[in-house]
1. Taking the square root of 5 times each eigenvalue of the Cα gyration tensor, what semi-axes in Å does the equivalent ellipsoid of the chain have, largest first?
2. Evaluated at 37 °C with a viscosity of 0.692 mPa s, what Stokes-Einstein diffusion coefficient in µm²/s does the stretch 83-205 have when Rh comes from the Kirkwood expression over alpha-carbon pairs?
3. Read phi for every residue in the stretch 88-101 and hand back ³J(HN,Hα) as whole Hz from Karplus 6.51 cos²θ - 1.76 cosθ + 1.60, θ = phi - 60°, with x for Gly and Pro.
4. Counting only other residues whose beta carbon sits under 10 Å from that of F129, what net charge do I get with K and R as +1, D and E as -1?
5. Nearest 500 deg cm²/dmol is fine: what mean residue ellipticity at 222 nm does the chain get from its DSSP H runs of n ≥ 4 alone, each adding -39,500 (n - 2.57), divided by its residue count?
6. What are the ³J(HN,Hα) values, in whole Hz, obtained from phi via the Karplus relation 6.51 cos²θ - 1.76 cosθ + 1.60 with θ = phi - 60°, for each residue of the stretch 15-25 in sequence order, with x given for Gly and Pro?
7. Let's test the formula: R0 of 25 Å, r as the Cβ-Cβ distance of R71 and V140. What FRET efficiency results, to the nearest 0.05?
8. If you add up the charges near V160, with Lys and Arg at +1 and Asp and Glu at -1, over every other residue whose beta carbon is less than 9 angstrom from its beta carbon, what do you get?
Amino acid sequence: MMEIIGLYEDHPIMERLRRREDPFKVLVRTIISQRTRDTLTYRVSERFFERFRTPEDVVQASLSELEEVLRGAGLYRQKARWIKACCERIVEDGLDLGEVVRRPIEEARRVLLELPGVGPKTADVVLLFAGGHDLCPVDVHVRRIARRLGLTESRDYERVQRAVHAAVPEGKRGKAHLALIQFGRDVCRSRPRCEECPVRDRCPTGGGESG
């Protein structure tokens with residue numbers, strides 16, 4: 001794990017950790033990204049934020065307006081309902097997302113998970129990129145690589161995250177998230193390029209010995 005992180009220490013993807021992102025934008029963009037390719041997520045998100053800059057803007061919009069802006073993303077009609085319900089809760093409860101993400105991690109995570117449409121991954125992405133909390137959100141790349149490296153046999157979000165956190169020291173877990181995403185795009189794909197893998201000799205899936 002640490003060798004994979006080291007491979008991407010200077011990669012442009014790590015720029016995301018050098019700035020604090022707007023929690024509302026991270027929240028909405030992460031919901032949009034579900035079952036949607038990165039290029040489409042970027043395009044649809046840009047279109048969304050040109051129209052809606054705050055939760056209040058979303059609350060005032062009709063569901064059909066949201067659907068039109070989100071068209072192109074996977075499950076866009078369902079995502080329109082999630083985002084609208086989420087923003088309605090934020091406005092009704094008077095939540096300041098910027099203040100929420102500065103709270104202790106477990107408290108902030110609990111508040112985020114109470115929002116409609118927000119699951120563990122979405123909450124953790126917001127905590128990492130908007131709150132600066134050092135954790136590793138689990139996406140398809142993180143789960144796939146953790147299983148292939150023998151860190152866990154589980155597909156459960158919490159168990160995979162615990163396994164990654166156990167293998168990565170504090171202060172490196174946000175980097176692990178980004179490094180594993182890029183490694184999953186470059187090498188350890190759904191059809192892995194094991195012949196190109198720099199840790200193949202230590203990977204139980206790639207032919208090396210576990211441990």
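None of the figures in this text is laboratory data; all of them are computed from the coordinates on show. Keep in mind the model is a prediction, meaning the values are calculated, not measured. All Cβ positions, glycine included, derive from the backbone under ideal geometry; neighbour counts span all protein chains shown.
1. Values: eigenvalues 213, 69, 42 Å².
Square roots of five times the eigenvalues give 33, 19, 14 Å.
2. 210 µm²/s
3. 4, 5, 4, 5, 4, 8, x, 6, 9, 4, x, 6, 4, 6
4. Working: positive: R16, R19, R20, K25, R29; negative: E21, D22, D124.
Neighbour charge sum, excluding F129 itself: +2.
5. On the way: 12 runs with 120 residues, N = 211.
About -16500 deg cm²/dmol.
6. Values, residue by residue: 4, 4, 7, 8, 9, 9, 8, 5, x, 5, 5 Hz.
7. Numbers: r = 23 Å, r/R0 = 0.94.
In this case the efficiency is close to 0.60.
8. Details: positive: R143, R147, R155, R159, R162; negative: D156, E158.
Result for the neighbourhood of V160: +3.
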